[in-house]
Amino acid sequence: MKKLLVLLAAIVLMANIGLAAELEYFQVYKPKGGMKADEIMRIEYFVKYTKFARDAELKGKAYFIDKSGTVREKETLRQRITLGRKLDDIAYKDLVIFTSPAVRGMGTLTWTYMFPKRQQDSWLWVPSLKKIRKISSANADDSFLGSDFTNEDILTRRFEDETYTLLREENFKGYLCEFDKKTYFKDAPCFVIEAKPIKKPWYYSKRILWVDKDTGGGIYEEMYDPLGRMFKTLFKEYVIYDVNGKGYPVQAMLEGKDLRTGHRTVIVNSDIKFDRGLSENLFTERALMQSRW
Amino acid sequence: MKKHIWILILFLLTSLAYAEDKLSFSGSLKNETSIRIESLNGDLTKEKNIVELAGQYKIKGDELVFFTKAKYWYDAAYDARDKLDIAQHYNGHIQRSDWLRDCYLDYTNGPWLLRLGKQQVAWGQADGITILDRVNPVDLSEFWLPDMQDIRIPLWMANINYSPKLNSNLQLLFIPDWEQSEAAYLGAPFVFRSYTEFDAFMQLMMRNGCTWDVKLNPVGHQFNNATWGLQWSDRIGDLDYTLNFLYGHYYNARNVISTSGTKYIVNRNFPLWRIYGGSFNKTFTNPGPMQGVTLRGEFAYYNDEPTYFGNPTAASTKGYKRWDNKFWLIGIDRNFLTRWTGSFQFSQYILEHAKVGRTVAQETYPMNAYTYGPADQVENIFSLKLSSHFFNDRLKPEVSWSFTDDNQGKLSPKVNYELKDNLVFSVGVHYFYGNVWDSNGQFRDENQFYTQLKYTF
């Protein structure tokens, strides 16, 4: 009996430790010196998916630049409501509407769940059908809307998908952005983390990630293929937005480079708004159906 | 002078609205060219140029929005080829009333959404098969080859939506407008065999001294002729479902032929019918063997569907019966091998009876309305679609194959290539096979190679 009680107590304690590791929604966190790799990465994911904000709205413009310098553009309007609701397991809902002429009117609604192993639910408004189609979750290693980011780079990778090692703390050497020729985050204090995917074999063997101490955002990463060769670099410019006295770290620009093809994708986010009180009714199939184009 | 002032005022108002982000426009220019493969010298079967222009005006933010879209096209193939010029006016450029593709006012307030005006409404989960998707009539001038949004004929209607709770919606459709479904005119590549057979019979009888009196009995635009639709949408767990009901006049003409001496009288009727049905979809999101799979389906019970019967071997219709037919479909979608998407559908169209009469003398058979060929009591329909994307979404190949258990079908490979942001080039083939009395088989000599070039702005 005593052994059983000890075992139960241990289980409860373990569960509490697990819960304690989860970050509370709608708070702003920053990584601090002395934190372990897991703690830093929990903050990095929290920041990446804007779990600090109740809702967000932004306009995005993506530039697809091939080796020869040819540029194609796509524009989107993106809205997110963060729920962190255990009752129906919903973490947040995203609505992305394409606004550039070639794909104007096309839109996707995505629900992301809290259970880490659960895939997203997605609905697509197809203007050529004038119909909503439920779509299977895109493959994690497929490119995100034809960009140099994969779906998991942008949408689906979770904390639980990798193991982490803190390599060092250092000042970032700076990133020279090819798009605007500016150097970002020169000498910014960073944690350098090695992230290895649990899924094997997988399209990458490891990521080396620089996490900015000021924002908690992963500002730069190098991705290595299963043979250990670097094949992609991703840069994210994080800026702090003051929202009702709270400093929200936001991705203002992303640049992804495929070193094998020489193709680059730049995403510039603008007109960013937080905590406007968006209604959850905007994130339903009916709202998606309202698309007119 | 007065005219110029009005133009100036209109220009200023438009500029102001545009500046305030209230007014937005979009449009496209598209060329569609197709060549009949069977002919060695390559018959030009389509040289269609299409212009579309859409505009949106936000009268009161997102609460009150006006939207309209117009389309005009001209098919020059009918000018170039004498043999297709039997009815150039109709085949080449007639726009009927559907040049106005959308014209409606959206009013959104809390749980209410009202869409009032000319529009199309798509029900159901099927891809390329219209089971519940019967709210609007269809234009089959090019069979089922164009996009569904171009096939549906928009109607003036009140589309009233109320959401009593999150993720649910009750939709009521009141459609006082009515138009009959359209098919290709004689001389066009995709004219139905039933049409050519009937025309040949008419010509033969006229040569023998008979006369014809064809009476079109269109449905009047009156309140008591209105079509009514009702859809309830909701979500149980992660299963989305709808329940549907539609009541109105059939959009496809059903001919009843009688004789009076040497005179043939054809009554083209559009009887009342009802649809009771439902649809569902579910993506398996939790870990397990089905994770990533989307399952979807729909079912319809067609009450009093006007179903042709007659002697299929002579392509002779004797009229129609109002049968209770059923149509159901199950579809499965999944992504695989990183960038490929596969989609499979199986459906059955089940007629109420295999034969019409009970005795051998009375025994007549249900007929395929497209061809006046025999219709199976249970038609098994399959479709498979594979698609992918390469070069950062620039190149998108796709192949779709639909077929039935009668060894007839259509195979359509296609490739889209994005030349520039707003300029997309497509090239593909439609290959039909099967018996001439089957829906696809009737076009087995109309296999086509086609190109499309679309510029959007």
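Bridging of B:Lys396 to aspartates and glutamates at a Cα separation below 19 Å is possible for A:Asp66, A:Glu73, A:Asp141, A:Asp142, A:Asp148, B:Glu32, B:Asp127, B:Asp147, B:Asp333, B:Glu418, B:Asp421, once same-chain residues fewer than 8 apart are set aside.
Under a 5 Å amide H cut-off, with hydrogens placed 1.01 Å from N, A:Lys131 pairs with A:Val126 among residues at least 5 apart or on other chains.
Considering the dipole of the protein assembly as shown built from charges on the beta carbon (Lys and Arg +1, Asp and Glu -1) around the Cα centre, which of A:Ser136, B:Ser194, A:Ile198 is farthest to its positive end? Looking along the dipole axis, the top candidate is A:Ile198. Phi-derived couplings, Karplus 6.51 cos²θ - 1.76 cosθ + 1.60 at θ = phi - 60°, listed residue by residue for the stretch B:431-436: 10, 9, 8, x, 6, 5 Hz, with x used for Gly and Pro. Applying the Karplus relation 6.51 cos²θ - 1.76 cosθ + 1.60 with θ = phi - 60° to the stretch B:203-211 yields 3J(HN,Hα) values of 4, 4, 5, 5, 5, 8, x, 8, 10 Hz, where x marks Gly and Pro. Ranking A:Tyr29, A:Ser100, A:Leu124 by how far each Cα lies toward the positive end of the dipole of the stretch A:2-289 (charges on Cβ) leaves A:Leu124 at the top. In order along the stretch B:174-191, phi translates into HN-Hα couplings of 10, 10, x, 7, 8, 9, 7, 5, 10, 9, 5, 7, 4, x, 7, x, 10, 6 Hz, rounded to whole numbers, per the Karplus curve 6.51 cos²θ - 1.76 cosθ + 1.60 with θ = phi - 60° and x for Gly and Pro.
Annotation: amide H of A:Leu259 within the under-5 Å range of A:Lys232, A:Thr233, sequence separation 5 or more or interchain, hydrogens built in the peptide plane.
Dipole magnitude for the protein assembly as shown: about 920 debye, using +1 per Lys or Arg Cβ and -1 per Asp or Glu Cβ, origin at the Cα centre. The charge dipole of the stretch B:262-350, taken about its Cα centre with unit charges on the Cβ of Lys, Arg, Asp and Glu (plus for the first two, minus for the last two), comes to roughly 220 debye. Using only side-chain charges placed at the Cβ, +1 for Lys and Arg and -1 for Asp and Glu, the dipole size of the stretch A:2-289 relative to its Cα centre rounds to 500 debye. Cross-link reach is defined here as a Cα-Cα straight distance under 18 Å, omitting same-chain residues fewer than 8 places apart; for A:Lys186 the lysines meeting it are A:Lys173, A:Lys213, A:Lys236. State which entries of A:Lys130/A:Lys232; A:Lys130/B:Lys414; A:Lys61/A:Lys93; B:Lys30/B:Lys60; A:Lys32/A:Lys206; A:Lys67/A:Lys130 exceed 27 angstrom in Cα-Cα distance in the structure shown. Violating the 27 Å limit, Cα to Cα: A:Lys130/A:Lys232; B:Lys30/B:Lys60; A:Lys67/A:Lys130. Between B:Gly319 and B:Phe309, the built amide H atoms are under 5 Å apart, and every one of these is 5 or more places off in sequence or on another chain. Setting aside same-chain residues fewer than 8 positions from B:Lys355, which lysines have a Cα under 19 Å from its Cα? Result set, ordered by chain and number: B:Lys318, B:Lys321, B:Lys326.
Here, each number is a calculation from the coordinates, and none is a lab measurement. As the structure is a computational prediction, the values presented were derived from the model and not from experiment. Methodologically, a virtual Cβ is constructed for each residue, glycine included, from the backbone with ideal geometry; neighbour enumeration extends over all protein chains shown.
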